[in-house]
Amino acid sequence: MWAIDPRYTSSAKFADAWLGLNVGTDIALANGVAREIIHSGLVHEEFIHHATTGYEEFKEHVEPWTLEFTSEITGVPSEAIADLAHGYAKAPTAQILWTLGITEHHTGVDNVLALSNLALLTGHVGRPGSGLVPLRGQNNVQGGGDMGALPNKLPGFQDVDNDEIRGKFEQAWGAKFTGEIGLNLTQMFEAMGQDKLKAVWVIGENPADSEADVKHAREMLKRLDMLVVQDVFMTRTAKMADVVFPAALGWAESEGTATSSERRVQRIRAAVPPPGQAKQEVEIISEMALRMGSTNWGQPTPEELWEELRTLSPMHAGMSWKRLEQEGGIQWPCPDEDHPGSPFLHGRLWERPVEGRRAPFSCVEHRPPVDELTDEFPIRLTTGRVLDSYNTGVQTDKFDSPIRSGDALEISSEDSLKLGVEEGETVKVSSRRGSILMRIEIDEDLQTGLAFTTFHFPELVDINQLTSDAWDSKSGTAEFKAAAIRIEKIESMANV
Amino acid sequence: MSDLKFGVDKPTAEEREAIDDFISGVGPASIKVNERFVVGGRSRAKDRRRLLLPALHELQSTSGWISPGGLNYICKVLGVPPAEAYGVATFYHLFSHQAPAANEQIHVCDDVACRLQGAEELIKDLKESGYEAKSSPCLGQCERGPAVLIQRIKGKDLAVVAESPKPLTVKNIDKALKENASSEQVTIPQRGTDSLSLLARVGVVNPKSIKEYQEKNGYEALGIALNVGPDKVIEEVTASKLSGRGGAAFPTGVKWRAVADEQGRPRHIVCNADESEPGTFKDRTLMEGDPFAVIEAMTIAGFAIGAEQGWIYIRGEYPVAEEHLKNAIEEAKREGLLGSDISGSGFNFDISLYKGAGAYICGEETALFNSIEGFRGEPRNKPPFPTTHGLFGEPTAINNVETLVNVLPILRNGGSNYAMKGTENSPGTRLFCLSGRVENPGIYEHEFGITLGEVIEAAGGVKDSKEIKAILLGGAAGSFVTAEHLHLPLTLEATREAGVSLGSGVVMVFDESDDLPDTVRRIAEFFRDESCGQCVPCRVGTVRQEEVLARFTQGTSFASDEELLEDLSTVMKDASICGLGHTASGAITSAINLGLLERTT
Amino acid sequence: MNEIPVGTPRSKIEIQIDGNLVKAPEGSTILDACRQEGIDTPTLCWAENLTPVNVCRVCVVEVEGSRTLVPSCSRPIEDGMVVSTDSDRVRKSRKMVYELLASSVDMDRSTSEVKDWMEHYEVDSDRMGEKTEIATVAQPPKVQDSLYVRDYERCILCYKCVEACGEDAQHTFAIATAGRGFDAHISTEFDVALPDSACVYCGNCIGVCPTGALVFKTEHDMREAGTWNEQDQEVTTTVCSFCGVGCNLELHVQDEKIVKVTSPADHSVTSGHLCIKGRFGWQHAQP
């Protein structure tokens, strides 16, 4: 196991080797590893020949990424890169797993493509024990996408701009809708800024705390003519709303399904009744539909909704509500009721000849984080979660965790010496977007020039005032993981 | 290891230095190549786990205890979770868990043999003289009790015994500390007689001289082995019908064959030198008096089974034997008789010496493996057996010292020749540990088949011509017999038939004046103290057994105690994991059956 | 679409249990074979989501040709094995194991399964002597934070918590067995308080404890207050919301309130194990 992370985490300590790369150099590292695999003759030639396209071009594309050059950009020694390349290529099976450290960059999508290239080079895909594994941060991120909560997709990842598909849905739903592709989250905030988006209905999200460059985000929310928030908590966003719909809690007060990282659809069930006036989300939405003049919705049960979905989304077709109850979870695609579900994807790439599209190599370029390090902002700030907390803390601050580490800014011991700040000292932390006060904690394992903090305690530390507003145009995801900051000692409170 | 979290306590400079020195050969569990590249993780930490026990010894001898700062440091360097390391450290009696009150800790054996020789008085005298003294289970010096082990900070451990016939006093301790010397003597009343085979060199040659060893047939057997090849060696050992001398009497040739057949996997030979059975001191005598024989025999065993690595696990209470073995290993290496390409044969073989830390249970073979591997010395369930899943889960032949040394005459004279000694089913000679009320206690070598009476006669008979009240045969895990058994031929088959066991060759004689109920209670206490605590029958059973015996001796028995004792015996024999539980009630039951425990109510 | 890859099917082995011929897959333990045949077998240290340590010895059976009884939980079946699960020897040893435990440990809050077996074997631990007169593990409970209670006078030293904390689930190694013999006990290093140890409060140790030695503080407090009422609790299985792994949660609800959280041991996602958020992060569902 190799751990590749700017920070020496507990997973890194578990691993056989840790590569502490510079923040935002994932593509550089992947390209360097690819070149080393190619030059060492470790590519899976048969797989490349039959199952991929664009190899020759890719080979040429990564040619400049020698071990030395890669090392210079990533900060990781050449031997470590070679070690990783050889280890990965020679392993009988290998997986690449990642979380938001890959995707929350302005090159997020390219980062993923760079990793996919490695799997294609070595044939570590489409077989048991191999593959590319994005680890989801919430129980139903996958399910949200599966159900069409994307600007360009209908349930089952079916294209909204495909007339035939849209026709199928229109018929089933007895309604017409446009094939126009919608906005992603970042585009929505842009649209708010341009006054093109004037009313927003936020369901179970707390953007007034969680958005990058959050000061800007709050301003945008304030500009709206109408903000409706449907949530289980009175979050900062809910407090800004014109109307709040108190909702039942998904996992403990509602019936339905959630789909995990491994595409496993599982039942969620109500164990306790929702408090006070809180209503089931299906009910809220149906009631809204009625008020908006749609009279044919009725009050569908979660089971009825699921059974309808099965008729429209081929990858869910075999998962009857009954099967979900009995089998305790099925992985899509599951095209018919006799199908056991699919533990892994892309197995077709091993069929000869490959049916359908071959997997393309992607020539992706290393582009450093948008928020540049300069003399004025010399320290790289990256944020992340810790074990006992969750997102903006609204769910996890309700229990008294003995291991809660708080909201401090972690810096390396070298930087603490350089800055003349001590453990526990409160300092002023500034980025190009704002300044906040933070308590310092020294992490012996942190690389020099890197700072880390969590985003679980926005009430105490409004960290997203600092994070970068740069975003990936392909995914709409903001570059949370790479901000440039300055840390200043506070001589007296008067200076604050 | 993953979420390892280390305490805040820091090691002293001395502790850090001692651990760093010790680890320098292999390096720490995680290596920071530079600020951006660290190699380490679970696999490297696993590889280093076997250094835990010796590292704890380093810490104990540096600071006189397992200090929190020192243990933390060991854990960081080796990648061992602190809670596990603490669990390992607290398993062993010889590791202290409080800051030392004195520079030396004196362990006085008050076990079955030594308590006949005034052990309790000695402890009292030592305490009155200002020493930190405490009682200890058998120290394996039963012929010269009471025996003493001195553990010191930054100094080698000392074993002190009386120079017969004068009993040990505080003055002997003062003197040993002043001279920084253990008592070095082995008691071989038959010394130098022609009939001796295993003991031929003991007390005759200088145990530190490989030259003297070689002049007395030393390394002839290895030469023969290298010449005839591994299969022939195993054939000879099989033909000799040699069986294990540790108590279970398993045929050695069969064991070796099984391990040799595990081709393609790393194999090990382990010498069980954790002799801790109360009343037993034969292996110590061999290691102290003829250490090269142990090394040569292990080398032959390694050659026969295809092992390149041998391990000696010696109990921590044997500092003299340890020193002699260390010297023998070094000398053998210097002479090219150990290490790579032994005698130009192409055979590579090395030996690691591991020191126990005060735990009888580690004489159980699988507990011994766990102890070497850096885990608590808890026995494993069998099957699987060591021949397929032994040390580090790899095929292992484990033999005790006496068994191994037998291999030398077998190879020199031929297996069938060896089998002509003794009886048909118990061929060869064996060592007997004579202690208690005999005129000349010590180690004796006799052919199998000699009677119990003849063994005692050979030791000069009962001391002061008193009447025999009882004989403890085979050790605390054996059983009591009486004068009625003096005609019993000491063979595997005859003892089995009589429902007793030769065990580790213990013959401990008690006369009419001895307090047998006290001895029996001490045996119960021994098992209570030495149970590893893993399985319920033994962990709680040995406690309840000792409580019943305490009630017997105090005259406060319940009416149902006799039945309870029987039930305890049954569950320990039937349902315990290992031999400790299986035998923990044997001597006690036999004492009751022979009427040696007069109930005082 | 891909079929789930399966290895070559395991061949079946024939053994005899209590006089009946039984066929079970190669590699099964005697316990597996017994359960397959519907033969109830008591266990304490065994759990389907942990490696067998075979230390409690309550599952022992008699195997022809074996000098001692063998632990059914860990002994693989062999062709032609002849097993007795209810012989005098077996009954005696099982009864004795329970008696030895009950004489030294407070078994009051054991699972109902444990209590039923103790009744079945007519356990009488009083014959070992008054608890005040004999060695026991009596001690006050350790309450060092707001999530856990460690009540070690109920600990039978089954090693399950150590396994769940270590290799078998959490890989945290915050606790281990320390000491030896009757003094052996579960401990952090130098007995430091749990918040100072490596503990990550996953609660997996509590999840596997069979005797109530490790409990959620919520449960402990309710028991002390006399309000804990297991009969009235309903258990609902749902999915944890805190990440994308898809851990199943069993919410134990009494009077419309969640009182504890477990996970099904036979579920492929968790094998019964959770993290601190799944195990304790439910307060927000409690108005």
Relative pair counts by distance (%), Cα atoms of the range C:18-78, 10 Å bins:
23, 58, 18, 0
Hey, how many Å between the Cα centroid of the range C:80-135 and the Cα centroid of the range A:315-360?
50 Å
Rounded to the nearest 20 Debye, what is the dipole magnitude of the protein assembly as shown about its Cα centre when Lys and Arg each give +1 and Asp and Glu each give -1 at the C-beta?
900 debye
Inter-probe distance in nm under a simple model that places probes 7 Å from Cα toward Cβ, at C:His120 and A:Leu460:
5.1 nm
What number, in percent, do you get for the relative contact order of chain A if the mean sequence gap of Cα pairs under 8 Å and at least 6 apart is divided by its residue count?
17 percent
Fraction of alpha-carbon pairs over 37 Å apart in chain B - percent:
32 percent
Once normalised by the length of chain C, the mean sequence separation of its alpha carbon contacts under 8 Å that are 6 or more apart gives a contact order in percent of 13 percent
Cα-based Rg/(2.2 N^0.38 Å) for the range B:516-593, rounded to two decimals, is 0.98
Semi-axis lengths, Å, the range B:104-179, gyration tensor of Cα atoms, sqrt of 5 times eigenvalues:
17, 13, 12
In whole angstrom, how long is each semi-axis of the equivalent ellipsoid of chain C, when you take the square root of 5 times every eigenvalue of its Cα gyration tensor and sort them from largest down?
32, 27, 18
For the range B:210-419, just run the numbers: alpha carbon Rg, then divide by 2.2 N^0.38 Å, N being how many residues it has.
0.93
Which percentage, to the nearest 5, of the DSSP beta bridges contained in the protein assembly as shown is antiparallel?
60 percent
Partner chain coverage, peptide A:389-402 - average Cβ within 10 angstrom
6
What relative contact order, as a whole-number percentage, does the range A:141-331 give when Cα pairs under 8 Å and 6 or more residues apart are counted?
17 percent
Which three numbers, in whole Å and largest first, are the semi-axes of the equivalent ellipsoid of the range A:1-101 derived from its Cα gyration tensor as √(5λ)?
23, 16, 12
Stokes-Einstein D for the range B:439-544 at 10 °C, 1.306 mPa s, Kirkwood Rh over Cα pairs, in µm²/s?
106 µm²/s
With the charge dipole of chain B built from beta-carbon charges (+1 for Lys and Arg, -1 for Asp and Glu) about the Cα centre, the Cα from B:Phe369, B:Val481, B:Ala85 projecting farthest to the positive end belongs to B:Ala85
Check A:Arg432: other-chain or 5+ apart residues with amide H under 5 Å from its amide H, H built from backbone geometry?
A:Ala484
So what is Rg over Rh here for the range A:69-225, counting just Cα atoms and using Kirkwood for Rh?
1.07
Provide the percentage of antiparallel DSSP beta bridges, counting only those with both residues in chain B; round to the nearest 5.
55 percent
What distance in nm lies between label points placed 7 Å from Cα along the C-beta direction at A:Met288 and A:Glu57?
4.2 nm
Cα extents of the range C:148-285 along the three principal axes, largest first (Å):
44, 37, 27
Given a 1.4 Å probe and every protein chain left where it sits, what share in percent of the accessible area of the protein assembly as shown is carbon and sulfur?
49 percent
Count, for each residue of C:165-178, the Cβ atoms from other chains sitting within 10 Å of its Cβ, then give me the mean as a whole number.
6
Suppose we keep just the alpha-carbon trace of chain A; what are its Rg and Dmax in angstrom?
24.3, 73
Points 7 angstrom from Cα along the Cβ direction at B:Glu163 and C:Glu224: gap in nanometres?
6.5 nm
nm² value of the averaged projected area, convex hull over the Cα atoms of the range A:359-496
11.0 nm²
extent check for the range A:185-321: Cα max minus min per principal axis, descending, whole Å, gives 45, 34, 31
Translational diffusion coefficient (Stokes-Einstein; Kirkwood radius from C-alpha pairs) of the range C:10-134 at 4 °C, 1.567 mPa s, in µm²/s
84 µm²/s
Rounded to a whole number, what is D in µm²/s for the protein assembly as shown from Stokes-Einstein with the Kirkwood radius over alpha-carbon pairs (10 °C, 1.306 mPa s)?
45 µm²/s
Chains C and B: accessible area buried, summed over both chains, 1.4 Å probe, nearest 100 Å², reads 4300 Å²
Interface size C-A, as summed buried accessible area [1.4 Å probe, Å², nearest 100]:
3500 Å²
Between the alpha carbon centres of the range B:76-128 and the range B:4-29 the gap in Å comes to 23 Å
Sites B:Glu220 and B:Lys463 - FRET efficiency at Förster radius 35 Å, r taken between beta-carbons, to 0.05
0.30
The alpha-carbon center of the range B:250-285 and that of the range B:432-495 are separated, in whole Å, by 26 Å
What FRET efficiency, computed as 1/(1 + (r/R0)^6) with R0 = 51 Å and r the Cβ-Cβ distance, is obtained for C:Glu48 and A:Ile490, rounded to the nearest 0.05?
0.35
Starting from the Cα of A:His50, move 7 Å in the Cα-to-Cβ direction to define the label point; list residues of the range A:79-120 whose amide nitrogen is under 16 Å from there.
A:120
Which FRET efficiency, nearest 0.05, do A:Leu305 and C:Asp32 yield, Cβ-Cβ r, R0 30 Å?
0.15
Along the range B:578-583, Karplus-curve 3J(HN,Hα) (6.51, -1.76, 1.60; θ = phi - 60°) to the nearest Hz, with x for Gly and Pro, reads 10, x, 4, x, 4, 10
Quick one: grab the alpha carbon gyration tensor of the range B:13-89, order the square roots of its eigenvalues as a ≥ b ≥ c, and give me rounded if a/c is under 1.5, else prolate or oblate depending on whether a/b is larger than b/c.
prolate
Per the Kirkwood formula over distinct C-alpha pairs, the hydrodynamic radius of the range C:191-259 in angstrom is 14.1 Å
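The values are calculated or read from the model by the stated rules, or taken from the named source; none is laboratory data. Small disclaimer: the values here were computed from a predicted structure and weren't measured. Please note: Cβ atoms are built from the backbone with ideal geometry, for glycine as well, and neighbour counts cover all protein chains shown. Accessible surface is based on the protein model in full, side chains and every heavy atom, while ligands, DNA and RNA are left aside. Shrake-Rupley method; radii C 1.70, N 1.55, O 1.52, S 1.80 Å.
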